[in-house]
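Participant: Before I ask anything, let me first share the structure, which is written out below as structure tokens.
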Amino acid sequence: MGSNDWKTRTMIVGGILGGIAGVVAAMMFIRSGEAAGATRKGRPRVQSRSALQVGIGLMGLLQKISGLAEE
């Protein structure tokens, strides 16, 4: 076990948590699409404004996470 062991563990845990978060987000998206009746019309449409808002929110979240090590 070298000095980079904590980095490897952090990457593995982060990857697993990110994968789980992505699956949960996809399930929530599918559920909301089904509730809106998207199954009859095909794939639900994502408006560019909504996607931009989610992207900005995600960037803010990543910025907060990166600041955790500084405290």
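A short reminder: the numbers here are calculations on the coordinates, not readings from a lab. Just so it is clear, the structure is predicted and the values come from calculations on it, not from any experiment. So basically every Cβ, Gly included, is an ideal-geometry build from the backbone, and we count neighbours across all protein chains shown.
Participant: Assign unit charges at the C-beta atoms only (+1 for Lys and Arg, -1 for Asp and Glu), then state the dipole size of the chain relative to its Cα centre in Debye, rounded to the nearest 20. All intermediate terms of the calculation are to be shown ahead of the outcome.
Facilitator: Numbers: 9 positive and 4 negative charges, 115 e Å.
Computed about the Cα centre, the dipole is about 560 debye.
Participant: What is the helix-to-structure angle for 48-66, meaning the angle in degrees between its Cα long axis and the longest Cα principal axis of the chain, kept from 0 to 90 and rounded to the nearest 10?
Facilitator: 20 degrees
Participant: Moving on to the next point. What are the ³J(HN,Hα) values, in whole Hz, obtained from phi via the Karplus relation 6.51 cos²θ - 1.76 cosθ + 1.60 with θ = phi - 60°, for each residue of the range 16-23 in sequence order, with x given for Gly and Pro?
Facilitator: Taking θ as phi minus 60°, the curve returns 5, 5, x, x, 5, 4, x, 5 Hz for the range 16-23.
Participant: Which one of Q63, G15, A26 is farthest out on the positive end of the charge dipole of the chain, using unit charges on Cβ (Lys, Arg +1; Asp, Glu -1) and the Cα centre as origin?
Facilitator: The Cα lying farthest towards the positive end belongs to A26.
Participant: Also: At 10 °C and a viscosity of 1.306 mPa s, what translational diffusion coefficient does Stokes-Einstein give for the chain, taking Rh as the Kirkwood radius over Cα pairs? Give it in µm²/s as a whole number. Please list the in-between numbers first.
Facilitator: Values: Rh = 15.1 Å.
Reported coefficient: 105 µm²/s.
Participant: Here is a further query. Please work out how much length the chain gains when fully extended from V13 to L61, using 0.36 nm per residue of separation minus the C-alpha to C-alpha distance, in nm with one decimal.
Facilitator: Numbers: separation 48, 0.36 × 48 = 17.28 nm, distance 1.73 nm.
Length difference between fully extended and current span is 15.6 nm.
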